[in-house]
Amino acid sequence: MTTAQITDEAQRQLARTFDVEQVVDGDRLTIERLREEVKREEDPEFASMGEAIRSDLSGKVDTELLDEQLEELSDQFERLPEVRERGIPEGDREPESLYRELADPGWEIYEHLLEIDFFESLEANLPRFTPEHIEGTAHELIGSDELTAELEALGFDEQERIALVMDVTNNNDRLARWVPTKEIPADVEFGVEHVPPLHQRAAGGTLLWIDSLDVHLWQNRVLVTDEILDDASWDVKALLGGFYLLAQAALEIGREEGLTDSQLTAAITAGAAITIVNQEEICKNVFWITEEMRAPSEAR
């Protein structure tokens, strides 16, 4: 399965964000190197936001359900190489459920989070994506063994974990376009009252894009190339990784010990940012197949 591709410029941007020694072309940043050079301090604002979320959701989280479904979701990561090897779903009249199965545990988690008003709490207690909030999230993410260890346990190698950190740090403009529902102007053309909270859009959108892959790839199989399938494989893995961080944070709310309040805020923000960026990436890389991307026609 093809791993994430990281450019030298993306690494330089990451180095600037953390104010670490400039990397030269061909050199590679690592989580360990960033952790050694970044000063770790608990942000009182992050701690306050995490504490408020815990207070809102105290006693509401079904830890047994989330624990079980997160284990199921973890198992789906192990299926990713097999899914990439098969590539395009088979089927005569309709496609088999190849990619949809990857998202099944996520839907169980998502429905529970809806039931306990998890997303409403995040909407009420977290700010929009600002450069300052994103930078604080990145520092907490790098400084926390717990958060990066979760990704490693899911099968994200060093380069892939750095790529997910870059999803958080290197996309200020993209993330800024995703605003909390309460901040959408009332005079826009659609009914704002029907727009879900930001983090619900991030989580639900992740599962919907993955669910849509079976039909899309099956219907467009004559256009699909190995490069498109490689991109789909990584984008799906990144989407599920971000969703996992978000769901793991929800589970931690129901536990007595685990993430600090600051780490909780960072896990939620990082998870949402990763899912948002990779929703846009899977649109561009897989769903919008241009003439330049498509497989050559047999008539050519």
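The values are calculated or read from the model by the stated rules, or taken from the named source; none is laboratory data. Not measured: the values here are computed from a predicted model. Methodologically, a virtual Cβ is constructed for each residue, glycine included, from the backbone with ideal geometry; neighbour enumeration extends over all protein chains shown. These area figures cover heavy atoms from the full protein model, side chains too; ligands, DNA and RNA do not enter into them. Shrake-Rupley method; radii C 1.70, N 1.55, O 1.52, S 1.80 Å.
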Everything considered on the Cα gyration tensor (a ≥ b ≥ c; rounded for a/c under 1.5, else prolate if a/b is larger than b/c, else oblate), segment 88-245 must be described as oblate
Dipole check, the chain, charges on Cβ (K,R +1; D,E -1), about Cα centroid: among Ile142, Gln159, Asn172 the Cα furthest to the positive pole belongs to Asn172
Once the in-chain neighbours fewer than 8 apart are removed, the lysines whose Cα is under 22 Å from Lys284 read Lys237
On the accessible surface of segment 1-143, probed at 1.4 Å with all protein chains in place, carbon and sulfur together account for a percent value of 41
For segment 171-300, the accessible surface attributable to carbon and sulfur atoms (probe 1.4 angstrom, ligands and nucleic acids excluded) amounts in percent to 50
With +1 on the Cβ of every Lys and Arg and -1 on the Cβ of every Asp and Glu, the dipole magnitude of the chain about its Cα centre, in debye rounded to the nearest 20, is 840
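If packing is taken as the average count of other Cβ atoms within 10 Å, what order do 50-59, 193-202, 178-187, 137-146 fall into, highest mean first?
My ranking of the peptides, most packed first, is 137-146, 193-202, 50-59, 178-187.
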Taking the chain and counting helices only, DSSP H stretches of n ≥ 4 at -39,500 (n - 2.57) each over all residues, the nearest-500 ellipticity at 222 nm comes to -20500 deg cm²/dmol
Everything considered on the Cα gyration tensor (a ≥ b ≥ c; rounded for a/c under 1.5, else prolate if a/b is larger than b/c, else oblate), segment 34-169 must be described as oblate
Counting only protein heavy atoms and rolling a 1.4 Å probe, one gets per residue an accessible area for the chain in Å² of 47
Contour minus Cα-Cα span, Val20 to Arg93, at 0.36 nm per residue, comes to 20.8 nm
Partner aspartates and glutamates whose C-alpha sits under 12 Å from that of Lys39, ignoring same-chain residues fewer than 8 away, are Asp19, Glu140
